[in-house]
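Working notes for the structure below.
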Amino acid sequence: MSQDKILPGYLPAELDEREYDVSAGGGVVTVKISGKKENLAIDIKPEIVDPDDIETLSDILVAAVNEAIKRVDDTNNAELNKITGPMNLPGFF
């Protein structure tokens, strides 16, 4: 069941428009993501860019994107629980 069917017009319109900034690696990488889980921007500080160590940069990027997606999911769940109470629907978000 989609969130549109549970609360028509509320969740998609309001939560999809939100933007989240999430940092990783001590702030050397920042990801901006929308409530639709679309990446809007990735900011990489020059000090983390090392041509001899691309693996570290890759790991930090993955961590930042995963944390950003988790933040969107957590926020959506918290907002839904405010309205409906905890329903514990597996796989909903």
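Below, the figures for the structure above:
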{"item": "Per-pair calculated FRET efficiency, R0 = 30 Å: residue 78 and residue 42 via Cβ, rounded to 0.05", "result": "0.75"}
{"item": "Reach of residue 82 by Cα under 30 Å, taken over lysines that are not fewer than 8 positions away in the same chain", "result": "5, 32, 36, 37, 70"}
{"item": "Inter-label distance, nm, simple model (7 Å from Cα along the C-beta direction), residue 17/residue 56", "result": "4.2 nm"}
{"item": "Packing rank of 32-38, 62-68, where each peptide gets the mean count of other beta carbons within 10 Å, highest leading", "result": "62-68, 32-38"}
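No lab work stands behind these numbers, since they all come straight from the coordinates. All values reported here derive from a predicted model rather than from experimental measurement. Every residue, glycine among them, receives a Cβ derived from its backbone with ideal geometry; neighbour counts consider all protein chains shown.
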